[in-house]
Amino acid sequence: MTLLFRFFVLTCLCLSAAAAERPNIVIILGDDIGYGDFGCYGATKVRTPAIDKIASEGLRFTDAHSASAVCTPSRYALITGEYAWRNPAGDHILPGNAPLSIRHGTLTVPALLKQAGYKTACIGKWHLGLGDTAPDWNIELKPGPLEVGFDHCFIIPATGDRAPCVFVEDHNIKNYDPKDPITVDYDHCIPGHANVIAGIGRIGAMKGGKAALWQDDKIAETLTAQATSFIKNNRNNPFFLYCATHDIHVPRVPASRFRHASGAGPRGDVIEQFDWCVSEVIKTLDKLNLATNTLLIVTSDNGGILDFGDSPERDGNVASNNGHKFNGPLRGTKGTAYEGGTRIPLIVRWPGKVQPGASDKLVCLVDTLATCAAITGQKLPKSAGPDSFNLLPILLGQTKDQVRDHLIEHSRRMGVRQGPWKLLTPDKRARNPKMAARTELYNLADDIGEKTNLASQNPDKVKELTAILQKDRADGRSRP
């Protein structure tokens with residue numbers, strides 16, 4: 001054996017060993033799934049056996065949060081490690097024809113993992129914009145997911161209830177027919193869910209693209225097939241799969257086998273469909289003997305809401321919800337500054353690394369970037385992930401302390417969490433003058449439902465938490 005050949009063999013062995021130490025990372029991000037929507041978080045009117053099994057095998061967080069109470073800014077923070085309120089392009093719910101909200105050159109989770117040799121894919125809801133300006137849907141759609149670090153994408157451009165109602169694969173609309181060009185209009189359309197596309201009222205108007213229209217009752221099946229296919233095709237590489245489902249956002253049109261399956265109406269039915277999607281990913285990992293070396297995360301982009309969309313009969317109403325407490329004991333819903341807006345289910349399974357149990361540590365989806373850096377042995381540049389904290393010591397049981405001192409919660413008003421305390425700033429856009437000037441302070445240790453405002457009794461605590469928010473704004477970062 002020549003010296004050169006020996007060197008080649010040794011190099012290959014070293015690379016193989018390094019790859020074995022890098023876990024696959026799979027994030028399954030539900031949409032509008034609340035703190036109380038899974039059985040392992042107390043739900044009794046919906047069945048989530050796959051998710052409950054993961055919870056029994058992994059770490060279930062009881063004080064986990066999205067970085068915002070609505071979808072676009074929450075997803076922006078997860079991908080970039082930066083609070084979305086620092087970037088006006090991504091701090092609000094985007095229309096379906098918005099340009100890319102992630103700044104050029106931003107170090108994202110997929111870009112970071114590509115540096116470590118991962119194959120990366122974005123499957124499902126994107127809602128972070130496409131193009132440098134409002135996109136022309138009849139040509140290549142970029143910049144988009146591929147330009148921020150993903151090797152492959154198969155996405156819903158915005159939401160299921162927003163035009164355009166087509167899938168985008170990499171840079172092009174799936175099944176695009178050049179003889180039937182697509183136009184999308186958000187400026188001259190009827191406001192609200194009033195623009196009927198494929199038989200359902202949507203936000204924004206769309207013309208053309210008949211062959212490319214998705215079928216609403218097959219979205220979950222389509223996205224799950226794409227996710228499992230990516231896993232199969234990359235079984236021999238470390239991979240990162242960001243699987244952002246449509247469920248349980250409106251319109252709620254589950255496959256026929258899930259209709260009337262739950263005890264909580266259409267909303268409960270799509271929760272059970274989401275659980276099926278999770279089970280299919282788990283089965284694929286198991287069949288390929290990848291489960292042991294895969295860090296699996298199941299969570300949601302914000303708190304739950306009983307959203308009627310354009311059809312209470314189809315999407316669910318108070319009666320069909322049947323008393324299901326989708327946010328458990330929490331006050332508020334998606335879009336609000338209360339705990340029901342941002343406190344979410346978060347389950348992490350990594351066999352042999354993450355010990356099963358429950359954690360009450362304060363964590364946030366914005367922490368994904370720093371945590372992935374630690375998992376892959378990379379150091380974040382000072383300019384990257386300004387609000388992202390490394391959760392790996394918590395996951396591995398290496399600390400009993402909090403990793404982050406505080407958390408800034410984002411909606412129409414801002415919230416500051418530190419220990420048991422929760423400060424809510426005044427809602428300056430409230431129509432009621434008293435609400436527009438009202439500061440709220442709660443002790444969540446005694447009042448998880450945020451019923452008793454303690455602001456007037458604790459002016460020093462109000463000042464202390466207000467100062468934390470002001471400092472984080474002024475510094476442009478919260479990570480040391």
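Laid out as a table, the results:
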{"read-out": "Filter on K434/K471; K422/K451; K422/K463; K334/K471; K125/K428 - keep pairs with C-alpha separation over 19 Å", "value": "K434/K471; K334/K471; K125/K428"}
{"read-out": "Relative contact order [Cα under 8 Å, 6+ residues apart], the chain, whole percent", "value": "22"}
{"read-out": "Efficiency of FRET between N317 and R412 - r from beta-carbon atoms, R0 35 angstrom, step 0.05", "value": "0.90"}
{"read-out": "Local electrostatic count, I394, Cβ distance below 15 Å [Lys/Arg +1, Asp/Glu -1]", "value": "+1"}
{"read-out": "Helix runs (DSSP H) in the chain reaching 20 Å along axis by Cα, Kyte-Doolittle at least -1.0", "value": "3-21, 219-233, 265-287, 459-475"}
{"read-out": "Cα gyration tensor category, rounded, prolate or oblate, for the range 412-475 with a/c compared to 1.5", "value": "oblate"}
{"read-out": "FRET efficiency for D405 and C189, using Cβ-Cβ distance with R0 set to 45 Å, rounded to 0.05", "value": "0.50"}
{"read-out": "Residues M435, M206, M414, sorted so that the one with the fewest Cβ neighbours within 10 Å comes first", "value": "M435, M414, M206"}
{"read-out": "Gained length - S383 relative to N443, 0.36 nm times residue gap less alpha-carbon distance", "value": "18.2 nm"}
{"read-out": "Residue-averaged 222 nm ellipticity for the chain, from DSSP H runs of 4+ at -39500 (n - 2.57), nearest 500", "value": "-8000 deg cm²/dmol"}
{"read-out": "Two-site FRET efficiency, E57 against Q115, from Cβ-Cβ distance with R₀ of 25 Å, rounded to 0.05", "value": "0.25"}
{"read-out": "Loop-located trypsin sites (Lys or Arg not before Pro) in the range 228-259 whose Cβ has at most 16 other Cβ within 10 Å (DSSP)", "value": "R235, R259"}
{"read-out": "Zero-based 10 Å bins, Cα pair distances in the chain, whole percents", "value": "4, 20, 31, 27, 13, 3, 1, 0, 0"}
{"read-out": "Relative contact order (%) - criterion: Cα under 8 Å, at least six apart; region: the range 142-274", "value": "19"}
{"read-out": "Cβ-based net charge around R413, under 11 Å, with every Lys or Arg adding one and every Asp or Glu removing one", "value": "+1"}
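Each value in this text was obtained by applying a stated rule to the coordinates, not by laboratory testing. Note that this is a predicted model, so its numbers are computed, not measured. Here the Cβ is made from the backbone with ideal geometry for all residues, glycine too, and neighbour counts use every protein chain on show.
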